[in-house]
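Structure first, commentary second.
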Amino acid sequence: MLVLGIESSCDETAAAVVADGEEIRSSVVASQVLTHEKYGGVVPELASREHLRKIQPVVEEACRQAQVTIHDVDAIAVTEGPGLIGSLLVGLVYGKALALSLDKPLVGVNHLEGHIHAVWLENKMARIAGKPVAEAALPAVALVVSGGHTSLFLVEASSHAADHPGRVFTYSQLGRTRDDAAGEAFDKVAKLLALGYPGGPIIDRLAPFGNPLAVDFGHIKMKGNPLDFSFSGLKTAVLYRVRGTELAKEAGERRAWRKTADRPSDDDLRAHCAQATLDLIASFQKAVVQDLVERTLAAADACHVDAIFVSGGVACNSLLRQRFTEATRRQGLQAFFPSPALSTDNAAMIAAAGYYKLLAGERAGVSLTAHASFPLGANRM
Ligand code: KG4
Ligand code: ZN
């Protein structure tokens, strides 16, 4: 079954063709980084307009790269939420119109479910290619960590009872951020320090040059559900360390320099960072990573599962991958990450998640609509 996936929940317009939920024939992502860069964050109105401009060429390019025509596609899977409503609507209406005009089945996919499916998709592809990787088996605890989300889920699967050969996935929410998402905290700290946008990858590349023990941010304390997250306090702690100090002066100079420097290299940027700035971001990154790893391991322990899936843009973070790999190995657990291209927003993950819904007989009609807020699974905690 060839599924065309369409994703437009935030600032990437993406389309992909995936065969049988396990073979990526194409995955095209049009990034809007250049549009939002100068604002240091995604501007919703500009994002919707960019999606409108890109959606058709991106879908056409996905078909071209997969060497199919739109008529060869068997079904269409589209992100229905959560995300920016104006952005979501562009992909959703486009997918709906395609399905109606071509008389193809349509399913709506939760963006977070897509991120979780990216882990299986990649794992299945690696195993089919004969790579010596362990099977990403269920049940698992999934951490979805990006610019918009930081959530923990228990993911379980059962075989579909009736005459459909698919598996049915169930999700229980174990925890979520009460304020900023982890990626958002990375982006805001980078903006404060005039390091560039998006901040996560920049901090990831600069942090190895700083001392992660220079600033002790302590543990993030949570009242109530210990599997919830909160990063706004940490972000404010960074702000207090910067405001009115040499670091703020230096950030101001860097901001002025960045306006004249056209896409500075990492070396150039590092040369414009005092050691104290590098130490601060290394310490900040360590605090975020430590919190994500500790709460996810606690969730795995509470749910008695051996597998941990980590996905979403922040799953690209080198220190996060390293710490998860070390900690899970020590505890006899297994951590699974998608490759960076499948960790950040893409449509292959939407097509892969949609495939199982289609197998299970799910179909969306013309009433399918976008939801800015769209919880995945029942609340367990
Ligand atoms: O999943 P994604 O592409 O979009 C959302 O659904 O938000 O994630 C984007 C987020 C941004 O906040 C970005 O700064 C962060 O992921 N990110 C990273 C890294 N790469 C992307 N954060 C930390 N380290 C990275 N290497
Ligand atoms: Zn995402």
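Each row is one residue, and each column tells you yes or no for (1) assigned to a helix (DSSP H, G or I); (2) under 20 Å from Ala97 (Cα atoms).
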site	(1), (2)
Thr328	yes, no
Leu342	yes, no
Ile350	yes, yes
Lys357	yes, yes
Gly361	no, no
Val366	no, yes
*Any idea which residue in segment 103-116 is farthest from Ala335 (Cα to Cα), counting only those that are surrounded by 14 or more Cβ atoms within 10 Å (Cβ to Cβ) and out of contact with any Phe, Trp or Tyr (no Cβ under 8 Å at 6 or more places or on another chain)?*
Lys104
*Which pairs have Cβ atoms under 7 Å, sit 6 or more apart or on different chains, and link a residue in segment 300-319 that is farther than 15 Å from Leu342 by Cα to one that is open to solvent by less than 10 Å² (accessible area, probe 1.4 Å) and in a loop (DSSP other than H, G, I, E, B)?*
Ala307/Ala136
_Give all pairs with beta carbons closer than 6 Å in which a residue from segment 100-119 that is touching a residue at least 12 places away in the same chain (Cβ under 8 Å) meets a residue that is acidic (Asp, Glu) and within 16 Å of ligand 1 (Cβ to nearest atom); count only pairs at least 6 apart in sequence or on separate chains._
Gly108/Glu80
*Matching helices (runs of 4 or more DSSP H) fully within segment 159-265 where at least 3 residues are within 29 Å of Cys303 (Cβ to Cβ)*: 182-192, 232-242
*Single match in Arg295, Arg258 (criterion: in contact with a strand residue (DSSP E or B) (Cβ under 7 Å, 6 or more places away or on another chain) and of a type in the set (Lys, Arg))*: Arg295
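Residues that are acidic (Asp, Glu) and surrounded by fewer than 23 Cβ atoms within 10 Å (Cβ to Cβ): does segment 75-91 have at least one? Don't jump to the end; show me each part of the working.
Of segment 75-91, the ones acidic (Asp, Glu) are 80.
Then drop every residue that is not surrounded by fewer than 23 Cβ atoms within 10 Å (Cβ to Cβ), which leaves none.
Scanning segment 75-91, I find no residue that is acidic (Asp, Glu) and surrounded by fewer than 23 Cβ atoms within 10 Å (Cβ to Cβ), so the answer is no.
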_Take the residues in segment 1-57 that are in a loop (DSSP other than H, G, I, E, B), farther than 17 Å from Ala348 by Cβ and open to solvent by 10 Å² or more (accessible area, probe 1.4 Å); name whichever of them is modelled with the lowest pLDDT._
Gly40
_Conditions (1) assigned by TED's automatic domain parsing to the domain that holds Asn346; (2) open to solvent by 10 Å² or more (accessible area, probe 1.4 Å); number of the one not met by Gly95_ = (2)
*Return the residue satisfying two criteria in turn: it lies in segment 289-322 and is assigned to a loop (DSSP other than H, G, I, E, B) and more than 16 Å from ligand 2 (Cβ to nearest atom), and of such residues it is farthest from Val144 (Cα to Cα).*
His304
*asked:* Need pairs with beta-carbon distance below 8 Å; first residue hydroxyl-bearing (Ser, Thr, Tyr) and within segment 334-353, second more than 10 Å from ligand 1 (Cβ to nearest atom); sequence gap 6+ or separate chains.
replied: Ser339/Glu122; Ser343/Phe337
_Conditions (1) at pLDDT 95 or above; (2) within 18 Å of the chain's Cα centre (by Cα): number failed by Tyr197_ = (1)
*open to solvent by less than 60 Å² (accessible area, probe 1.4 Å), closer than 28 Å to Phe209 by Cβ and assigned by TED's automatic domain parsing to the domain that holds Glu12: does that describe Thr325?*
no
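This table checks each residue for (1) touching a Gly at 6+ places or on another chain (Cβ under 7 Å); (2) of a type in the set (A, V, I, L, M, F, W, C); (3) within 11 Å of ligand 1 (Cβ to nearest atom); (4) open to solvent by 60 Å² or more (accessible area, probe 1.4 Å).
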| position | (1), (2), (3), (4) |
| --- | --- |
| Ser146 | yes, no, yes, no |
| Thr150 | no, no, yes, no |
| Val155 | no, yes, no, no |
| Gln173 | yes, no, no, no |
*Which of (1) within 12 Å of ligand 1 (Cβ to nearest atom); (2) within 18 Å of Glu184 (Cβ to Cβ) does Tyr39 not meet, given it meets every other one?*
(1)
*Find the residue count for segment 328-340, including only residues that are under 22 Å from the mean Cα position of the chain (by Cα), open to solvent by 60 Å² or more (accessible area, probe 1.4 Å) and under 12 Å from Ile308 (Cβ atoms).*
1
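The values are calculated or read from the model by the stated rules, or taken from the named source; none is laboratory data. Remember, it's a predicted structure, so these values are computed and weren't measured experimentally. Positions of Cβ are backbone-derived with ideal geometry, glycine not excepted, and every protein chain shown enters the neighbour counts. Note: areas computed on protein heavy atoms with side chains; ligands, DNA, RNA excluded. Shrake-Rupley method; radii C 1.70, N 1.55, O 1.52, S 1.80 Å.
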